[in-house]
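Here is the structure we will look at.
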Amino acid sequence: MRRSAALGSAGTLIAGTLMAGAISAPAAGAEGRSTSVTSTSEARGVQIAAQRAAKAGIGWRDCPADWGLDKPIQCGWVTVPVDYAKPNGRKIEIAVDRVGNTGSEADRQGALLYNPGGPGGSGMRFPTRVTKKNPIYTKLAKAYDFVGFDPRGVGHSSPISCVDPQEFVKAPKLDPVPDSEADKRAQRKLAAEYADGCQERSGWLLPHMTTPNTARDLDVVRAALGERKLNFLGVSYGTYLGAVYGTLFPGHVRRMVVDSVVNPSKEKIWYQANLDQDVAFQTRWDDWKQWVAKNDATYHLGDTPEKIEQQWVKLRATAKKSPLGGVVGPAELVGFFQSAPYYDSAWAHTAEIWSKYVAGDTQALVDEIAPDLTDTAGNASSENGNAVYTAVECADAKWPTSWKTWDRDNTRLHKDHPFMTWANAWMNLPCATWSSKQQTPLNVKSGKGLPPVLIVQAERDAATPYEGAVELHKRFKGSRLITEKDAGSHGVTGIANPCVNDRVDTYLLTGKTDSRDVTCAPHATPKP
């Protein structure tokens, strides 16, 4: 799941030839018949779209130069309906890319599709894990074409927008921690204006920006690739996309790995899930402070977590009184420092930049955080990612419309979990005044034909708390849970830990899992 300045994603072949032409459809899942989880018209619509895509295939070619995806990576498009209840109505194109498996044709097991999270994350960098020879993926690359895609509304797939990108990145923004009712009114006004901007700029697509529709798009992409069944790796929000796909199309799944799991309970999607995040982020923030304190000889920020917290409070107060470099206020500081609770790969760098500031080098912190108004492409991408995050979470579920509810819940949580609570609240508050239709979340569960799903989770994950993995494990019968104990990085499969990596490889290469759930020791602790 995505937070105010970072995507909840992790980690992220020689050109090969995919099977072409029409294919016979696999056994129908929940979308193949009338059930309580989807309408008959949508079920029929996705079948029609998939049949068309299977016949059309994908016209692979060199990627556009400005996409930054060099040969042998190839790009293409898959056509999908905006509304699956109207498969002959308006259509959009989903951007996809691939690199062929590095092994022989006999080694090849098909395509492995990837979603990095968000909502709003692009998976188009996934094939570069092969072209840049990431050692974690060497074995998988021999067997699979690595396929990435931009989900609907993202990147090159009919991107949506809610505000001018240059306005979106301007800083400093309001301090997320309110000092008064006037501060809260100002934030509420901004959130309502943002929701209105989404409707004005992208209203035609907003009602259809749901996780179930993205899952349907994924099934159409599967068909266009010539794959009878789907091999899928989803991280962060990608786990919820996988869970929804597995519910709608259980008989279409071949192998599925979900890493850093969104709690799929209908009661959690999405308001309560974000409140749960606030608690988990505080826990992981405290873990980082303990690590910095242990390494005080390097960073000189304090030899106890309490002293480091005092430094944090002082930094926020200084930036609030006079934004650093004129652009870095408390909101921007949270956006930068949240990387440490997200990924321990960011621990050393975050501490180093902070250490330089305390030693008198303010510019290092400003250079790290300040927006680059000349980076129009990057700013458009950031604004698009935020727009999709908002659109999907607002469309997937009904949110509280009473400000009293938001105020009560976040005021209570902030007392003991101040690091992210209010920043998180303001980011999601547009959903309280969302004008497009909000759906009822899908009841995620196993269906006929769903194979064992491999679930991977760090015990102290901040963005997707551990309970989400446990909940999905209960719902997907026959699934296996790998727990990385005493660890908290978001996105476990992209980190070097043989206990995890070897099991992911074994599952994706052979379909085999351990006979019971597994607990792995944590990956190596970062060094200063």
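Computed from the coordinates by the stated procedures, all read-outs in this text should not be read as laboratory data. Not measured: the values here are computed from a predicted model. Please note: Cβ atoms are built from the backbone with ideal geometry, for glycine as well, and neighbour counts cover all protein chains shown.
For the set K266/K477; K289/K314; K415/K437; K448/K474; K268/K404; K289/K527, the pairs lying more than 22 angstrom apart at their alpha carbons are K415/K437.
Please compute the length gained on full extension between R201 and K266, using 0.36 nm multiplied by the number of residues separating them and subtracting their Cα-Cα distance.
20.5 nm
Rounded to the nearest 5, the antiparallel percentage of DSSP beta bridges internal to the chain is 40%. Gain on full extension, evaluated as 0.36 nm per residue between E467 and R408 minus their Cα-Cα distance, stands at 18.9 nm.
Each label was represented as a point 7 Å from its Cα along the Cα-to-Cβ direction; for T318 and K398 these points are 4.9 nm apart. Put a dot 7 Å past the Cα of K477, heading toward its Cβ, do the same for S345, and the two dots end up 3.8 nm apart. When the Cα positions of G478, A462, N497 are compared along the charge dipole of the stretch 459-500, G478 comes out farthest toward the positive end, with charges on each C-beta of Lys, Arg, Asp and Glu.
What FRET efficiency, computed as 1/(1 + (r/R0)^6) with R0 = 60 Å and r the Cβ-Cβ distance, is obtained for D179 and A106, rounded to the nearest 0.05? The computed FRET efficiency comes out at 0.35. Which shape class applies to the stretch 67-111: rounded if a/c is under 1.5, otherwise prolate when a/b exceeds b/c and oblate if not, where a ≥ b ≥ c are the square roots of the Cα gyration tensor eigenvalues? Since a/c reaches 1.5 but b/c is at least a/b, the shape of the stretch 67-111 is classed as oblate. Given +1 at the Cβ of Lys and Arg, -1 at the Cβ of Asp and Glu and no other charges, the dipole of the stretch 482-528 around its Cα centre is 40 debye to the nearest 20.
Rounded, prolate or oblate: which fits the stretch 445-528 when a ≥ b ≥ c are the square roots of the eigenvalues of the alpha-carbon gyration tensor, with rounded for a/c under 1.5 and prolate only if a/b beats b/c? The shape class here is oblate. Here the stretch 148-276 is assigned +1 on the Cβ of each Lys and Arg and -1 on the Cβ of each Asp and Glu. Its dipole about the Cα centre then comes out at about 600 debye.
Share of pairwise Cα-Cα distances greater than 17 Å in the stretch 77-209 is 70 percent (whole percent). Protection proxy ranking for 337-347, 195-205, 385-395, using the average of other Cβ atoms within 10 Å per residue and placing the highest first: 385-395, 337-347, 195-205.
Quick check: from the Cα gyration tensor, does the stretch 356-424 come out rounded (a/c under 1.5), prolate or oblate? Cα axes put the stretch 356-424 in the oblate bin. Subtracting the Cα-Cα distance of A65 and K132 from their residue separation scaled by 0.36 nm leaves 22.3 nm. Put simply, the Cα atoms of the stretch 387-528 extend 50, 48, 25 Å along their principal axes, the longest span coming first.
Residues S382, S515 in ascending order of nearby Cβ atoms (within 10 Å, fewest first): S515, S382.
With Kirkwood radius over Cα pairs in Å defined as stated, name the option among (1) 25.1; (2) 24.4; (3) 23.5 computed from the structure displayed. Only one listed value fits the structure, namely (3). Basic side chains Lys and Arg get +1 at the Cβ, acidic Asp and Glu get -1 at the Cβ, and with that the dipole of the chain about its Cα centre reaches some 1740 debye.
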